[in-house]
Amino acid sequence: MTNHTPSPLSAPPSGALRGVFSPPGDKSVSHRAVMFAAMASGRSDLTGLLEGEDVLATLKAVQAMGAETERTGDGAWRVTGAPPWRGPAQDIDLGNSGTSARLLAGAIAGMGVQARLTGDDSLRARPMERVAAPLRLMGAALETTDGRLPMTIRGARLRGVDYETPVASAQIKSAVLLAGLGAEGVTRVTEPAPSRDHTERMLPAFGGEVRVSGLTAEVTGGQRLSPANYAAPADPSSAAFALAAALITPGSRVTARGVLLNPRRAGLFEAWKRMGADLTIEVTKNDGEPVGDLIAVCSDLAPIHVREEEIPAMIDEIPILAVTAAFAEGESRFEGLAELRVKESDRLTAVSDLLRAAGVETETGEDWLTVAGRGTGGVTGGGAAAARGDHRIAMSTLILGLASRKGMAIDDASMIATSYPAFQADLAALGAALETP
């Protein structure tokens, strides 16, 4: 992370959480809506956007490449696209947003312009060759810095490719598909397992044509996107924190409104149900993406065994799922977690450390984790954990603290604004007050 003054925060034991809340806009959807609007010719009105630091970085990036952006209300932005983009003379600083870096690399390559992408210390430590390699196969000229940012993309004539991704990754897939929009011929991307499909679902709303068959998605080059009015649903990854708190805090009942229920993002909710959670899911609309409400009631949870093929549908939620597993009766096991080691932090190590700081026994391997659950009310807490510059680790630690006997603390909460600026306020409205030491 960039240098800043740490902002420690603690979560004392909480009473019952009660109420209804509206989580912030979905981060993955918000990034794509901004990018697709900027790639289109004309004005798009976007609502429900997450206004966290990551999405604001995407807004600044497309502005640097020629799009006009205007905030028109709470979560509402007007984006006027002006393709083809121009190559900015200055570096584009994407802060800590890996989605921005990887998807924009594909879009910039497809536009045939030159740009140099960089970010903060954390983002510059994350792997970028997984995106650069397929874009080079298409003819793009990309230079990384030892496989990481800064990354320079130079305009070139692209050709379509058939590409098989080494891992199930929506970011790799989306980067190649966005480059394919500006390439000659057909671009196909095949994954080893299903990953998030927001790009495939959203492109038609902006006039793009994408074909999906099993694990393969393809686009034909030469497409031009059209402006659209688009409403982003609430983020299930953000909704998960207060819902988890309700499941593990006695007497709690919490409702999250308007949440994205895309099947490839619902792995956490299905896992909770397998654990015996009292979780009600009500679909209220389905317009491109299914959206609905979730009601979580405190439950006695059973341990769970999560296998590798299930991980892509809950990859960002593993930390909070591990926290809920700490309150189950017995040992839970999670497999196929190698991708967690290259997130904003080494999340596999980080989540193990935070659980141990709370008195919960864990074991880890190269790509697996076991959690010795202690049952409802059985987690001692009382420790402090390092957030490691990772918003999901910070929020997971605080949720654990609310349901523990002695509470928990983190050394820095500032990065929570990356994805959930109203996290503390939403918890307070439900009855859980976090404290600044």
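Mind checking which strands (runs of 3 or more DSSP E) fall wholly inside region 30-100 and carry at least 1 residues that are surrounded by fewer than 20 Cβ atoms within 10 Å (Cβ to Cβ) and aliphatic (A, V, I, L, M)? Output list reads 76-81. Taking each residue of region 33-47 that is over 12 Å from THR58 (Cα atoms) and looking for partners that are polar (S, T, N, Q) with beta-carbon atoms closer than 6 Å, six or more apart or interchain, yields ALA40/SER226; ARG43/THR80; ASP45/ASN229.
The condition (being in contact (Cβ under 8 Å) with a residue 60 or more places away in the chain and assigned to a strand (DSSP E or B)) is satisfied by just one residue among ALA217, ALA240, ALA256, ALA175: ALA256. When ARG392, ARG347, ARG356 are checked against the criterion of being open to solvent by 20 Å² or more (accessible area, probe 1.4 Å) and either within 24 Å of HIS305 (Cα to Cα) or over 21 Å from the mean Cα position of the chain (by Cα) (or both), ARG356 stands alone in meeting it. If you go through region 178-213 and keep only what is free of Cβ contacts under 8 Å to residues at least 24 places away in the same chain and not acidic (Asp, Glu), you end up with ARG211, VAL212, SER213.
On the stretch given as region 290-342, residues that are of a type in the set (Gly, Ala, Ser) and more than 28 Å from GLY377 (Cβ to Cβ) total 4. Residues that are touching a residue at least 12 places away in the same chain (Cβ under 8 Å) and in contact with a Phe, Trp or Tyr (Cβ under 8 Å, 6 or more places away or on another chain) number at least 2 in the following strands (runs of 3 or more DSSP E) confined to region 360-437: 368-374. Of all residues in region 20-29, those satisfying the criterion of being over 18 Å from GLY98 (Cβ atoms) and either open to solvent by 30 Å² or more (accessible area, probe 1.4 Å) or out of contact with any Gly (no Cβ under 9 Å at 6 or more places or on another chain) (or both) are VAL20, PHE21, SER22. Looking across region 186-209, the residues that are open to solvent by 10 Å² or more (accessible area, probe 1.4 Å), touching an Asp or Glu at 6+ places or on another chain (Cβ under 7 Å) and closer than 21 Å to ARG130 by Cβ come down to ARG188, THR190, ALA193.
The values are calculated or read from the model by the stated rules, or taken from the named source; none is laboratory data. Worth saying up front: this structure is predicted, and the values here are computed from it rather than measured. In this analysis, Cβ positions are derived from the backbone assuming ideal geometry, glycine residues included, and neighbour counts consider all displayed protein chains. Side chains are part of the model used for accessible areas, which takes the heavy atoms of the whole protein and leaves out ligands, DNA and RNA. Shrake-Rupley method; radii C 1.70, N 1.55, O 1.52, S 1.80 Å.
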